[in-house]
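For reference, the structure discussed in these notes is given below.
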Ligand SMILES: [Zn+2]
Ligand SMILES: [Zn+2]
């Protein structure tokens, strides 16, 4: 094997290494993006005796919505979901406060402070 060929093989190896590092880096990067895109949907039970806070993945959320429209009953409020704790159709989409982790429902009556935490008053809009 001549030195010229050895050199070429070495260069090929280095390039190969660089490509594989780049591919690994890229795949971890896109995985991160993917994970942030599949954020769970925060839910809160509106039953005053329950008030259970839970999360649904986007898939579960879509599934729950589908089940609801297929039960043959007229949908009174399509935005409510069944609470896994008290089994009532009182759960609604909610927000988890980024500051104190308090889970609260959007205040639909207030167009300015609709996303204000009911506990610490932090505005949670992105
Ligand atoms: Zn409940
Ligand atoms: Zn808060």
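Computed values, structure above
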quantity	calculated
Matching residues in the stretch 71-108 - criterion: being part of a strand (DSSP E or B) and at pLDDT below 80	none
Criterion: modelled with pLDDT of 85 or more and in a helix (DSSP H, G or I) - qualifying residue of 10, 34	10
Residue 60, sole failed condition from (1) at pLDDT below 90; (2) on the phi < 0 side of the Ramachandran plot; (3) surrounded by fewer than 14 Cβ atoms within 10 Å (Cβ to Cβ)	(3)
Selection count where residues are over 16 Å from residue 44 (Cα atoms) and either in contact with a strand residue (DSSP E or B) (Cβ under 8 Å, 6 or more places away or on another chain) or outside any loop (DSSP other than H, G, I, E, B) (or both), scope the stretch 109-118	2
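The values are calculated or read from the model by the stated rules, or taken from the named source; none is laboratory data. It should be emphasised that the depicted structure is a prediction, and the values quoted were computed from it without experimental measurement. Glycine gets a Cβ as well: all are built from the backbone with ideal geometry, and neighbour counts include every protein chain shown.
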